[in-house]
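The values are calculated or read from the model by the stated rules, or taken from the named source; none is laboratory data. The structure displayed is predicted, hence computed values, not measured ones. Every residue, glycine as well, gets a Cβ built from its backbone with ideal geometry; the counts of neighbours run over all protein chains shown.
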Amino acid sequence: MSHDNLHRPDGERIAFRHVDGTGPTVLWVGGFRSDMEGTKAVALDQAARERGWACVRYDHFAHGASSGDWKAATVGRWREDAIAMIDSIEGPVLPVGSSMGGWVALLAALARPEKLAGLVLTAPAPDFTERLMWPSLPTIFVRRSCATARPRCPTRASVPMC
């Protein structure tokens, strides 16, 4: 099945599929390492076709059919791409975010509240990196990351930080 591409200013492309329909456009925002061919994304696409809804599902940067180097992937990048998807849709948008996609959808919603018809979150994982990744990282990695990362390091008593 073919897809369209939203071309980003840096030359990367975000792959997406669109279903024509009425009402607010349902925008699927997938989770970490998920793509637009996943079970939930395809089920939402099918529901849109059966009910006559407008629907868009896309792959995040460095996911699925989208371009991008996984090492350059960040939540901030995924947020910017979600905002670009919202901006590319005419009329109101109803983001549906799953897992990490829930976090990305929340961040995009904060940036474009005037475009939203609503917001649906399925098992959202806001700031999953703090809870799921930092505690399991070796101390040396955390220290090196804090020394070289652009964002400010989070502070937690339970995690040895810089």
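Things worth noting here:
- Of all residues in the range 97-117, none satisfies being at pLDDT below 65, in a helix (DSSP H, G or I) and surrounded by 16 or more Cβ atoms within 10 Å (Cβ to Cβ).
- Scanning the range 43-76 for residues that are in a loop (DSSP other than H, G, I, E, B) and either of a type in the set (Asp, Glu) or in contact (Cβ under 8 Å) with a residue 12 or more places away in the chain (or both) yields Gly52, Asp59, His60, Phe61, His63, Gly64, Ala65, Ser66, Ser67, Gly68, Asp69, Ala73.
- Residue check for Ala65: modelled with pLDDT of 95 or more and under 24 Å from Asp20 (Cα atoms): no
- Residue count for the range 86-96, restricted to those that are in contact with a helix residue (DSSP H, G or I) (Cβ under 9 Å, 6 or more places away or on another chain) and either buried (at least 24 other Cβ atoms within 10 Å of the Cβ) or outside any helix (DSSP H, G or I) (or both): 6
- Of the residues Arg79, Arg33, the single one that is surrounded by fewer than 24 Cβ atoms within 10 Å (Cβ to Cβ), touching a residue at least 12 places away in the same chain (Cβ under 8 Å), touching a helix residue (DSSP H, G or I) at 6+ places or on another chain (Cβ under 6 Å) and not hydroxyl-bearing (Ser, Thr, Tyr) is Arg79.
- Scanning the range 12-42 for residues that are in a helix (DSSP H, G or I) and basic (Lys, Arg) gives a single hit, Lys40.
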